[in-house]
Amino acid sequence: MSLTKRVIPCLDVDRGRVVKGVKFVGIRDAGDPLEAAKRYDEQGADELTFLDITASSDQRDTMINVVEAVASEVFIPLTVGGGIRSVEDIRRLLNAGADKVSINTAAVLDPDLVAVAAARFGSQCIVLAVDAKRRRDDSDGFEVYTHGGRKATGKDAIAWAKQMVDVGAGEILLTSMDRDGTREGFDLELTRRVSDAVSVPVIASGGVGCLEHLAQGVTEGGADAVLAASIFHFGEHTVADAKRCMAARGIPVRL
Amino acid sequence: MERVVVIDYRMGNLRSVAKALAHVAAERADILVSSDARAIGDADRVVFPGQGAIRDCMLELENHGLVEAVKEALASKPFLGICLGQQALMETSEEHIGTVGLGIFPGTVKRFSNDVRDESTGERLKVPHMGWNNVRFAKKHPLWRGIADGEYFYFVHSYYVAPQDDEVTVGRTRYAVEFSSAIAKRNLFAVQFHPEKSARAGLALLKNFLQWDGDACVMRDA
């Protein structure tokens with residue numbers, strides 16, 4: 001009997017449609033975010049994260065419609081990230097039914113945004129997304145990247161996470177840019193260092209290739225939640241499979 | 001048709017609560033999000049959600065001229081408090097010394113200590129307490145109908161209620177300490193977790209609330 005570790009499927013949404021080839025058995029429209037969300041809910045997903053990868057800002061409103069539709073029929077926490085620039089963007093997403101928003105680039109560009117948003121909407125709905133890469137020089141450490149991993153900031157990932165938690169971030173979504181897409185597993189050292197450094201929950205992300213990796217994120221990385229995209233999308237594994245694997249390794253999960 | 005009012009006093013996102021209620025009510029009830037004292041007075045049942053600090057909650061209730069309407073609803077009709085809407089029913093809070101809540105339940109609101117470790121793993125426990133945790137029933141209640149003892153509900157909070165009289169506790173949850181995750185008396189039921197975000201179990205609780213006549217032992221037939 002205790003707080004469980006969360007399993008969070010992540011869906012990339014481009015102009016209102018799920019991309020990266022989500023494939024479910026028996027699903028009629030794999031590109032429909034609502035259908036995908038419902039399916040993950042049935043499988044026992046603890047939360048859902050939508051990442052808006054829409055490139056042009058004039059089509060961003062489609063994400064509002066997606067959130068509206070999903071929040072009307074799927075009753076688990078929803079996080080939305082991608083392209084959030086202002087308190088007004090956050091307000092609109094929360095009003096549409098998002099429970100949390102995740103902010104990366106905008107937090108770096110405007111260091112007050114997290115503080116202002118947390119004061120206005122509460123820390124519980126402000127997630128700091130940290131995209132981190134190992135430094136290539138001899139210095140030991142991880143650097144924060146923005147703009148989808150394209151721009152180095154010079155900031156130390158651990159110090160940055162602590163700084164933003166101090167001003168009000170309620171959770172950290174931590175992605176290893178070195179591991180993202182490799183299927184080699186989370187960067188466990190990065191995960192452990194951030195998790196030990198901050199007092200708020202940490203979601204490990206980037207690199208999951210098998211169910212064992214999810215368990216490692218918790219047992220070795222110290223993560224409070226694990227996020228994955230492709231291993232769930234292609235029907236290789238369900239969220240329920242992931243939880244059974246974690247439970248077999250002694251991790252408390254909601255089954 | 002029955003009218004259910006979700007009290008809007010600018011403390012957190014109420015849309016999720018309204019959407020979940022609308023989902024379980026289907027066509028049988030009007031779900032209204034309102035900050036109008038008269039609408040609260042006319043409602044058949046009232047839901048009092050919220051996230052944030054009690055001091056702000058009380059200030060906002062006063063700013064919106066809602067204190068009397070909320071107190072009247074608390075005394076007279078099926079009333080569901082959620083999260084901050086549970087905490088605000090207590091007398092006092094550790095959050096800000098001297099903060100006084102609605103005082104329906106004698107007792108206080110406490111904060112999780114920042115330096116507590118999990119008994120089995122030794123990992124430091126994070127605050128807020130965020131995620132799915134068990135609710136063990138301390139008592140039978142019509143709102144638990146069809147829900148398993150020990151069921152998981154979704155939590156996100158740093159404070160919890162500590163009622164003076166443990167008789168009011170109907171559900172308990174453990175996070176370093178054991179706390180009252182659900183309290184009830186007469187026509188009042190209040191929970192720390194978010195039924196509107198707790199998948200099937202949460203929807204079952206909301207549906208039970210819509211069918212509850214406000215008597216702690218009786219449930220109207222659906």
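Annotations for the structure displayed:
- Residues of region A:114-145 classified as surrounded by fewer than 19 Cβ atoms within 10 Å (Cβ to Cβ) and either more than 14 Å from every other protein chain (Cβ to nearest Cβ) or aromatic (Phe, Trp, Tyr) (or both), total: 10
- Put simply, of A:203, A:231 the only residue that is farther than 22 Å from residue A:128 by Cβ and among the hydrophobic types (A, V, I, L, M, F, W, C) is A:231.
- Under the condition of being more than 21 Å from residue A:39 (Cβ to Cβ), hydrophobic (A, V, I, L, M, F, W, C) and not in a loop (DSSP other than H, G, I, E, B), the residues counted in region A:204-246 number 3.
- Scanning region B:107-140 for residues that are away from chain A (no Cβ under 12 Å) and touching a helix residue (DSSP H, G or I) at 6+ places or on another chain (Cβ under 9 Å) yields a count of 5.
- From the options A:182, A:191, residue that is under 18 Å from the mean Cα position of the chain (by Cα), β-branched (Val, Ile, Thr), farther than 19 Å from residue A:46 by Cα and not in a helix (DSSP H, G or I): A:182
- For region A:23-38, a tally of residues being farther than 15 Å from residue A:68 by Cα and either in contact with a Phe, Trp or Tyr (Cβ under 8 Å, 6 or more places away or on another chain) or modelled with pLDDT of 90 or more (or both) returns 2.
- Test: residue in region B:167-178 that is among the aromatic types (Phe, Trp, Tyr), touching a Lys or Arg at 6+ places or on another chain (Cβ under 8 Å) and within 8 Å of chain A (Cβ to nearest Cβ): no
- Enumeration of residues in region A:157-168 that are within 18 Å of residue A:206 (Cα to Cα) and surrounded by fewer than 23 Cβ atoms within 10 Å (Cβ to Cβ): A:158
- Residue under evaluation residue A:171, criteria (1) under 21 Å from residue A:112 (Cα atoms); (2) buried (at least 24 other Cβ atoms within 10 Å of the Cβ); (3) more than 12 Å from chain B (Cβ to nearest Cβ); (4) not aliphatic (A, V, I, L, M), criterion not met: (3)
- Residue within region B:157-176 that is outside any strand (DSSP E or B) and within 13 Å of the chain's Cα centre (by Cα) present: no
- If you go through region A:178-210 and keep only what is closer than 20 Å to residue A:11 by Cβ and surrounded by 22 or more Cβ atoms within 10 Å (Cβ to Cβ), you end up with A:179, A:186, A:203, A:204, A:205, A:206, A:207, A:208.
- Residue in region B:97-140 that is surrounded by the most Cβ atoms within 10 Å (Cβ to Cβ), counting only those that are basic (Lys, Arg) and more than 14 Å from residue B:192 (Cβ to Cβ): B:126
- Strands (runs of 3 or more DSSP E) wholly inside region B:1-97 containing at least 2 residues that are more than 14 Å from chain A (Cβ to nearest Cβ) and closer than 29 Å to residue A:79 by Cβ: B:2-7, B:29-34, B:45-48, B:79-82
- Reported count of residues in region B:142-157, each being surrounded by fewer than 19 Cβ atoms within 10 Å (Cβ to Cβ) and either within 9 Å of another protein chain (Cβ to nearest Cβ) or closer than 28 Å to residue B:91 by Cβ (or both), is 1.
- Residue within region A:130-141 that is under 17 Å from residue A:50 (Cα atoms), assigned to a loop (DSSP other than H, G, I, E, B) and within 19 Å of the chain's Cα centre (by Cα) present: no
- Taking the listed residues B:14, B:21, the one that is at pLDDT 95 or above and aliphatic (A, V, I, L, M) is B:21, with no other qualifying.
- Matching residues, region B:98-124, being in a loop (DSSP other than H, G, I, E, B) and of a type in the set (Gly, Ala, Ser): B:98, B:101, B:103, B:113, B:120, B:122
- Matching residues in region B:71-96 - criterion: being of a type in the set (Val, Ile, Thr) and surrounded by fewer than 24 Cβ atoms within 10 Å (Cβ to Cβ): B:92
- Residues of region A:64-97 that are within 8 Å of another protein chain (Cβ to nearest Cβ) and under 19 Å from residue A:122 (Cβ atoms): A:71, A:76, A:77, A:94, A:95, A:96, A:97.
- Test: residue in region A:147-166 that is assigned to a strand (DSSP E or B) and among the aliphatic types (A, V, I, L, M): yes
The values are calculated or read from the model by the stated rules, or taken from the named source; none is laboratory data. Predicted model only: the values in this text are computed from it and were never measured. Because the Cβ atoms are built from the backbone with ideal geometry, glycine has one as well, and the counts that use them run over all protein chains shown.
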